[in-house]
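First up is the structure itself, then whatever we jot down about it.
The values are calculated or read from the model by the stated rules, or taken from the named source; none is laboratory data. All figures in this text were calculated on a predicted structure; none of them were measured in a lab. When we count neighbours, we look across all protein chains shown, and the Cβ atoms used for this are built from the backbone with ideal geometry, even at glycine. Surface accessibility is based on the protein's heavy atoms, side chains included, excluding ligands, DNA and RNA. Shrake-Rupley method; radii C 1.70, N 1.55, O 1.52, S 1.80 Å.
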Amino acid sequence: MKKILFFIFSVLASLSATAQNTSDHNFSVAKNLDIFNAIYRNLDLMYVDTLDADKAVGTAIRAMLGSLDPYTEYYPEDKAGEYKQMLTGKYAGIGSIISYSFTRKRVVINEPYEGMPAAEAGLKKGDIILSIDGESMEGKTTSYVSDHLRGDAGTTMVLKIERPSTGKKMTLKVQRRAIQMPYLPYYGLQADGIGYINYNQFVEGSAKDVRRAFLDMRGKGMNGLVLDLRGNGGGSVSEAVQILNMFLPKGKQLLEMRGKVKNSNQKYFTTVEPIDTVMPIVVLVNDGTASASEITSGALQDYDRAVILGTRTYGKGLVQVPNVPLPYNGKLKLTTAKYYIPSGRCIQARRYKHTDNGYVAQEVPDSLTHEFRTAAGRIVRDGGGIKPDVEVKPDSLPNIAFYLSRVDTTDILLNYEIDYIAKHPTVAKPSEFELSDGEYEEFKKLVIKSGFTYDQVSEKYLKDLEQLARFEGYYDDAKDEFEALSKKLKHNIAKDLDYPVNKKSIKELIASDLMSAYYFERGTIENGLRSDKQMTEAVRLLKNKDEYRRLLKPNL
């Protein structure tokens, strides 16, 4: 172990000496590595208990990386599976989202992926996982069960499950295989010739499927496109470049990377003739749109090629090299540069201030951002992500709907949906499905019977106001009013469930879950577009060509 440590520290010292030219820095690096090595050597020789070298040194490595930024990560050899999934979006398993059932104290199947082993084996939403290869999963955490469902591609597991709707127990043999997380779960031509593409991860090879989806819809008469990058956390820069190659003329600079080391500096250009430079495009973004998604939406904005709609993006302007090799088959994902999109702006929203307890992320205030111009002369700014051309905030989930959907406190939704699926072998297609008022009444009775309660925001604020009134001496004069208002704000679950806004949101929530059970993720997405406030505005904008064109012109 000592030889390994000396080797690692010697390599680190030589790399640092290459990257840094000042003698003071080189001396500081050598001194601290020498101190670290001496401390570990003494601990290893004299500490009362035998040290676990992997744990001790691993902790030191994690602490060192933890002082930098959230994207620089170390993957030792035993984390090769996590590293591969991070890099490719793939893992070996059965292909299903699982969740913990609060009332059953067990992990259950939540959402199988279409075309994957779980779905092919006939597993359904709500199936209780009793055992895996003979080991009981009673009381096990979601993480524990997930680790046992995964394994090497091609291996077979024996899975014992119980179907709650029938009480029947089944033993299934399921073969693990490489699972690709759905990166293009749904696309389709909507009303009035508006195309829609939901693209949620820039994984290797995904751009060609986006291209295929676009050409398919254009061949069917598409006259406008909504590209949905909401919640897309990014991924491969090369895939983003290929997406942009579809819509921008050849030879356009897309981004520039600038780092400390010369080989970190790089420029990317469109290199092929585009397939379309005129079709109106609206890109949907939100605070989950990050990295390669921001490169894509930012470049389209900088070249005035699309209208960006939604809410401000995450603001990740840092670049990582994902495959720095380390001794003993370890890997390092390392932040090496910042990237700058065509207007010249870097959209990094956070500065990482180093402290004794690690980094502290500080938001870049708008007052410190700088002004840039798009190709047409529109004003855009750096820092703080991509600001949309049209800001449209999504509808917030009512408080009662939020508490009903929490899987860590109640199984009311799950139980209702399990019974619904058992009673309805088939349902309407996603674009038409809606929970009926009669079905909602059944759900409402189930909620009331369960004794469900939740924290009402209005009641909380009333208590805060009452406390403040007591503190300032006004309570006695307003006591009758406080008591009267308190009675009116008391829990009335039946009334809350019937309140129009609550009822609408809960019906949509149930419909979304049911669509995933009948039609997988594509069904959930297609059904959700009917009530999607941002999608509605995007379609309206694409149909209003004059307004669309005005948004892409500078305000003179």
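Sort out which residues of segment 243-265 are surrounded by fewer than 21 Cβ atoms within 10 Å (Cβ to Cβ), in contact (Cβ under 8 Å) with a residue 12 or more places away in the chain and under 23 Å from Asn323 (Cβ atoms), and write them in order of number.
Glu256, Met257, Arg258, Gly259, Lys260, Val261, Ser264, Asn265
Being surrounded by fewer than 15 Cβ atoms within 10 Å (Cβ to Cβ) and modelled with pLDDT of 90 or more narrows it down to one of Glu294, Glu273, Glu363, so name that one. Full working, then the answer.
Working: Glu294 fails: surrounded by fewer than 15 Cβ atoms within 10 Å (Cβ to Cβ); Glu363 fails: modelled with pLDDT of 90 or more.
Checking each option against the conditions leaves just Glu273.
Scan segment 546-556 and tell me whether some residue there is modelled with pLDDT under 95, touching a strand residue (DSSP E or B) at 6+ places or on another chain (Cβ under 9 Å) and of a type outside the set (Gly, Ala, Ser).
Looking through segment 546-556, at least one residue is modelled with pLDDT under 95, touching a strand residue (DSSP E or B) at 6+ places or on another chain (Cβ under 9 Å) and of a type outside the set (Gly, Ala, Ser).
Go over the candidates Asp395, Asp455 one by one and state the one that is in contact with a Lys or Arg (Cβ under 9 Å, 6 or more places away or on another chain) and open to solvent by 20 Å² or more (accessible area, probe 1.4 Å). Explain how you work it out, then say what you get.
Values: Asp455 fails: in contact with a Lys or Arg (Cβ under 9 Å, 6 or more places away or on another chain).
The conditions single out Asp395.
Of all residues in segment 86-126, count the ones that are among the polar types (S, T, N, Q) and open to solvent by 50 Å² or more (accessible area, probe 1.4 Å).
1
Restricting attention to segment 162-170, does a residue exist that is assigned to a loop (DSSP other than H, G, I, E, B) and among the polar types (S, T, N, Q)?
Going residue by residue through segment 162-170, those that are assigned to a loop (DSSP other than H, G, I, E, B) are 164-167.
Narrowing the set further to residues that are among the polar types (S, T, N, Q) leaves 165-166.
Scanning segment 162-170, I find at least one residue that is assigned to a loop (DSSP other than H, G, I, E, B) and among the polar types (S, T, N, Q), so the answer is yes.
If you check Tyr461, Tyr474, which single one turns out to be open to solvent by 70 Å² or more (accessible area, probe 1.4 Å), in a helix (DSSP H, G or I) and of a type in the set (Phe, Trp, Tyr)? Lay out the reasoning, then the answer.
On the way: Tyr474 fails: in a helix (DSSP H, G or I).
When all the criteria are applied, what remains is Tyr461.
For segment 79-88, state whether one or more residues are among the polar types (S, T, N, Q) and out of contact with any Lys or Arg (no Cβ under 8 Å at 6 or more places or on another chain). Steps first, please.
Our first condition is that a residue be among the polar types (S, T, N, Q); within segment 79-88, this holds for 85, 88.
Retained after the next criterion (residues that are out of contact with any Lys or Arg (no Cβ under 8 Å at 6 or more places or on another chain)): 85, 88.
Yes, segment 79-88 contains a residue that is among the polar types (S, T, N, Q) and out of contact with any Lys or Arg (no Cβ under 8 Å at 6 or more places or on another chain).
Residues checked against (1) open to solvent by 50 Å² or more (accessible area, probe 1.4 Å); (2) in contact with a Gly (Cβ under 9 Å, 6 or more places away or on another chain); (3) over 30 Å from Ala469 (Cα atoms); (4) in contact (Cβ under 8 Å) with a residue 40 or more places away in the chain:
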position	(1), (2), (3), (4)
Glu483	yes, no, no, no
Ser486	no, no, no, no
Asn492	yes, no, no, no
Asp496	no, no, no, yes
Glu521	yes, no, yes, yes
Arg530	yes, no, yes, yes
Val539	no, yes, yes, yes
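In the set Leu462, Leu542, Leu468, which member is at pLDDT 95 or above and over 15 Å from Glu434 (Cα atoms)? Before you say what the answer is, go through the steps one by one.
Details: Leu462 fails: at pLDDT 95 or above; Leu468 fails: at pLDDT 95 or above.
So the residue among Leu462, Leu542, Leu468 that is at pLDDT 95 or above and over 15 Å from Glu434 (Cα atoms) is Leu542.
Return yes when Met535 is under 27 Å from Glu391 (Cα atoms) and open to solvent by less than 40 Å² (accessible area, probe 1.4 Å) and no when it is not. Walk me through it before giving the result.
Numbers: under 27 Å from Glu391 (Cα atoms): yes; open to solvent by less than 40 Å² (accessible area, probe 1.4 Å): yes.
When the stated conditions are applied, Met535 passes them.
Considering only segment 45-62, state which residues are among the hydrophobic types (A, V, I, L, M, F, W, C), free of Cβ contacts under 8 Å to residues at least 12 places away in the same chain and surrounded by 10 or more Cβ atoms within 10 Å (Cβ to Cβ).
Restricting attention to segment 45-62, the residues satisfying the condition of being among the hydrophobic types (A, V, I, L, M, F, W, C) are 45-46, 48, 51, 53, 56-57, 60-61.
Going one step further and asking which of them are free of Cβ contacts under 8 Å to residues at least 12 places away in the same chain, we end up with 45-46, 48, 51.
Scanning segment 45-62 gives a single hit, Leu51.
Going residue by residue through segment 279-287, is there one that turns out to be surrounded by 24 or more Cβ atoms within 10 Å (Cβ to Cβ), among the hydrophobic types (A, V, I, L, M, F, W, C) and either in a loop (DSSP other than H, G, I, E, B) or touching an Asp or Glu at 6+ places or on another chain (Cβ under 6 Å) (or both)?
So far as segment 279-287 goes, yes, one or more of its residues are surrounded by 24 or more Cβ atoms within 10 Å (Cβ to Cβ), among the hydrophobic types (A, V, I, L, M, F, W, C) and either in a loop (DSSP other than H, G, I, E, B) or touching an Asp or Glu at 6+ places or on another chain (Cβ under 6 Å) (or both).
List the number of the failed condition for Glu73; all other conditions in (1) without any contact (Cβ under 8 Å) to a residue 40 or more places away in the chain; (2) among the acidic types (Asp, Glu); (3) buried (at least 17 other Cβ atoms within 10 Å of the Cβ) hold.
(1)
Looking at (1) touching a Lys or Arg at 6+ places or on another chain (Cβ under 6 Å); (2) under 24 Å from Pro425 (Cβ atoms); (3) surrounded by fewer than 19 Cβ atoms within 10 Å (Cβ to Cβ); (4) not charged (D, E, K, R), can you tell me which one Ser165 breaks?
Unmet for Ser165, out of (1) touching a Lys or Arg at 6+ places or on another chain (Cβ under 6 Å); (2) under 24 Å from Pro425 (Cβ atoms); (3) surrounded by fewer than 19 Cβ atoms within 10 Å (Cβ to Cβ); (4) not charged (D, E, K, R): (1).
Sort out for me the strands (runs of 3 or more DSSP E) sitting completely within segment 187-268 that have 3 or more residues that are closer than 17 Å to Val283 by Cα and in contact with a helix residue (DSSP H, G or I) (Cβ under 8 Å, 6 or more places away or on another chain). Talk me through it step by step, then tell me what you get.
On the way: elements: 194-198, 224-228, 253-259.
Per the criteria, 194-198, 224-228.
Is it the case, given these coordinates, that Phe443 is buried (at least 19 other Cβ atoms within 10 Å of the Cβ), aromatic (Phe, Trp, Tyr) and either farther than 30 Å from Asn555 by Cβ or modelled with pLDDT of 95 or more (or both)? Please lay out each step first, then the result.
Numbers: buried (at least 19 other Cβ atoms within 10 Å of the Cβ): yes; aromatic (Phe, Trp, Tyr): yes; either farther than 30 Å from Asn555 by Cβ or modelled with pLDDT of 95 or more (or both): yes.
Answer is yes for this residue.
Rundown of residues vs (1) aromatic (Phe, Trp, Tyr); (2) surrounded by fewer than 21 Cβ atoms within 10 Å (Cβ to Cβ); (3) in contact (Cβ under 8 Å) with a residue 60 or more places away in the chain; (4) assigned to a strand (DSSP E or B), yes/no style:
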position: Lys316; (1), (2), (3), (4): no, no, yes, no
position: Val324; (1), (2), (3), (4): no, yes, no, yes
position: Thr336; (1), (2), (3), (4): no, yes, yes, yes
position: Arg345; (1), (2), (3), (4): no, no, no, no
position: Arg351; (1), (2), (3), (4): no, yes, no, yes
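When segment 505-551 is examined, which residues are found to be within 21 Å of the chain's Cα centre (by Cα) and either on the phi > 0 side of the Ramachandran plot or not in a helix (DSSP H, G or I) (or both)?
Phe520, Asp532 - these are the residues of segment 505-551 that are within 21 Å of the chain's Cα centre (by Cα) and either on the phi > 0 side of the Ramachandran plot or not in a helix (DSSP H, G or I) (or both).
When Ser436 is evaluated against the numbered criteria (1) more than 27 Å from the chain's Cα centre (by Cα); (2) closer than 24 Å to Ser99 by Cα, which criterion, by number, is the only one it fails?
It fails just one condition, (2).
If you check Ser450 against the conditions, is it small (Gly, Ala, Ser), over 29 Å from the mean Cα position of the chain (by Cα), open to solvent by 60 Å² or more (accessible area, probe 1.4 Å) and more than 16 Å from Lys507 (Cβ to Cβ)?
Values: small (Gly, Ala, Ser): yes; over 29 Å from the mean Cα position of the chain (by Cα): yes; open to solvent by 60 Å² or more (accessible area, probe 1.4 Å): yes; more than 16 Å from Lys507 (Cβ to Cβ): yes.
Yes, satisfied.
Anything in segment 188-235 that is touching a Ser or Thr at 6+ places or on another chain (Cβ under 8 Å) and open to solvent by 20 Å² or more (accessible area, probe 1.4 Å)? List them, or say none.
Glu204, Arg230, Gly231, Gly233, Gly235
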